[in-house]
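Below is one structure, written out as structure tokens, with a few remarks after it.
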Amino acid sequence: MQTSLTVLAVVFGLCMIGVLLVIFGTIFKTRWGINFRWSGECPACHNHRNMVRIPRNLRQALWGGGTCTHCGLEVDKWNRPVARL
């Protein structure tokens, strides 16, 4: 009985850490946050982007963002340009 309570407490603690990461990320616009405001405009060329997002690399698939089809600018989920390495 004691071990099942310990496992339950550990699982609950990990879930709470995840919830706190999402809340913190949403407030401070980190990769863990959720963007509720979709901006359909490229910050560089001001062309409208499609509502359907097709990720072009692993970062876009995991954390969101996209690439402008007109100018090729890569942006994160908060519509901020991503520095290319």
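Residues in the stretch 33-79 that are free of Cβ contacts under 8 Å to residues at least 24 places away in the same chain, small (Gly, Ala, Ser) and more than 30 Å from residue 18 (Cβ to Cβ): 72 alone.
Looking only at the stretch 13-45, count every residue that is of a type in the set (Phe, Trp, Tyr) and surrounded by fewer than 10 Cβ atoms within 10 Å (Cβ to Cβ) and tell me the total. Give the steps one after another, and end with the answer.
Taking the stretch 13-45 first, the residues of a type in the set (Phe, Trp, Tyr) are 24, 28, 32, 36, 38.
Among the residues that remain, those that are also surrounded by fewer than 10 Cβ atoms within 10 Å (Cβ to Cβ) are: 28, 36.
Qualifying residue count for the region: 2.
Could you list, in sequence order, the residues of the stretch 34-66 that are of a type in the set (Val, Ile, Thr) and modelled with pLDDT of 90 or more? Steps first, please.
Step one: filter the stretch 34-66 for residues of a type in the set (Val, Ile, Thr), giving 34, 52, 54.
Scanning the stretch 34-66 gives a single hit, 34.
In the stretch 1-32, what residues are within 30 Å of residue 73 (Cβ to Cβ), without any contact (Cβ under 8 Å) to a residue 12 or more places away in the chain and either of a type in the set (Ser, Thr, Tyr) or part of a loop (DSSP other than H, G, I, E, B) (or both)?
26, 30, 32
Restricting the stretch 52-78 to residues that are touching a strand residue (DSSP E or B) at 6+ places or on another chain (Cβ under 8 Å) and outside any loop (DSSP other than H, G, I, E, B), the residue that is farthest from residue 42 (Cα to Cα) is 60.
Residues in the stretch 59-85 that are within 12 Å of the chain's Cα centre (by Cα) and among the aliphatic types (A, V, I, L, M): 61, 62, 75.
The values are calculated or read from the model by the stated rules, or taken from the named source; none is laboratory data. Everything numeric here is computed off the predicted structure, so don't read it as measured data. Heads up, the Cβs are rebuilt from the backbone with ideal geometry, glycines too, and the neighbour counts pull from every protein chain shown.
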